[in-house]
Amino acid sequence: MRKPPVPAPPHHPDLELLEERVAFERFLRLDLFRFRHRLFSGEWSGIRRYDVVRRGEAVAIVLYDPSLDSVVLVEQFRLPALLAGASPWQVEAVAGLVDADESPLAVAIRETREEAGLEVQSEPVPIGRYLASPGASDEYVHLFCARVDASSAGGIHGLPEEHEDIRVVVKTVAEVEALLEAGAIEGGHTLLVLYWLLRHRERLRREWGARQ
């Protein structure tokens, strides 16, 4: 993965940036900031010191087969989930970070191939984007939905050089609804794309010509 360079903070009239430096960088990068910001009163705050995890842009894509009325998800071991008190085996939407010189759309298509072993059957539909944890990280996640053929989905996928060991999980929409009702889906981006799919499922089936 070729990570894009971290951009300088953009100018904003409500921010006075006094210092920015890299405190740590490996898989994650942690930057330290000293700044003031404008208050609701119109005055300026005192000097604040803040740590920010610099993750940049990412992508999550929900893979839907309208003919089988099924969703292709992935399952993998997540150490941070265990540290948070949840199961380390997380069922998620396909997702990944945006590399250098790559668009979010291209990442969505690439990650579908790498993590699920599938090709998208039509151009992914943009859902929107959201800040994953705006109090701690600059990660901005682009959300998509794409049509796939889930009839042969399965197996273990991922890139060995990135220590990926990813199992494909196929669920009917009814099973997805049951998982959501039971609180078994815990990742923020996965929750967002699945609830979007439930809301727009009938329209997608009409537009994509699902077999009845």
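Where a number appears in this text, it was derived from the coordinates with a stated rule and is not lab data. Note that the structure is predicted; figures quoted are calculated from it, not measured. In this analysis, Cβ positions are derived from the backbone assuming ideal geometry, glycine residues included, and neighbour counts consider all displayed protein chains.
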(request) Would you be able to tell me the number of residues in the stretch 129-161 that are under 14 Å from VAL107 (Cβ atoms) and surrounded by fewer than 20 Cβ atoms within 10 Å (Cβ to Cβ)? (result) 4
(request) Output the residues belonging to the stretch 57-80 that are under 30 Å from ARG34 (Cα atoms) and either over 11 Å from the mean Cα position of the chain (by Cα) or loosely packed, with under 15 Cβ neighbours inside 10 Å (or both). (result) PRO80
(request) Working only within the stretch 115-128, note down all residues that are closer than 14 Å to ALA58 by Cβ and either touching a Lys or Arg at 6+ places or on another chain (Cβ under 9 Å) or surrounded by fewer than 18 Cβ atoms within 10 Å (Cβ to Cβ) (or both). (result) GLY128
(message) Please count how many residues of the stretch 96-119 are in contact (Cβ under 8 Å) with a residue 40 or more places away in the chain and in contact with a strand residue (DSSP E or B) (Cβ under 8 Å, 6 or more places away or on another chain).
(response) 12
(message) Please verify whether ARG21 is without any contact (Cβ under 8 Å) to a residue 40 or more places away in the chain, assigned to a strand (DSSP E or B) and farther than 16 Å from PRO7 by Cα, treating the condition exactly as stated.
(response) no
(message) Given the criteria of a type in the set (Asp, Glu), in a helix (DSSP H, G or I), closer than 23 Å to PRO88 by Cα and under 18 Å from the mean Cα position of the chain (by Cα), does GLU161 qualify?
(response) no
(message) Please verify whether VAL53 is touching a residue at least 12 places away in the same chain (Cβ under 8 Å) and touching an Asp or Glu at 6+ places or on another chain (Cβ under 7 Å), treating the condition exactly as stated.
(response) no
(message) Pull out all pairs, ordered by first then second residue, where Cβ-Cβ is under 9 Å, the residues are six or more apart or on different chains, the first lies in the stretch 78-95 and is within 14 Å of GLU164 (Cβ to Cβ), and the second is polar (S, T, N, Q) and assigned to a helix (DSSP H, G or I).
(response) GLN90/THR190; GLU92/THR190; VAL94/THR112; ALA95/THR190
(request) Specify the residue that is farthest from PRO10 (Cα to Cα); the eligible residues are those in the stretch 140-158 that are out of contact with any helix residue (DSSP H, G or I) (no Cβ under 9 Å at 6 or more places or on another chain) and part of a strand (DSSP E or B). (result) ILE156
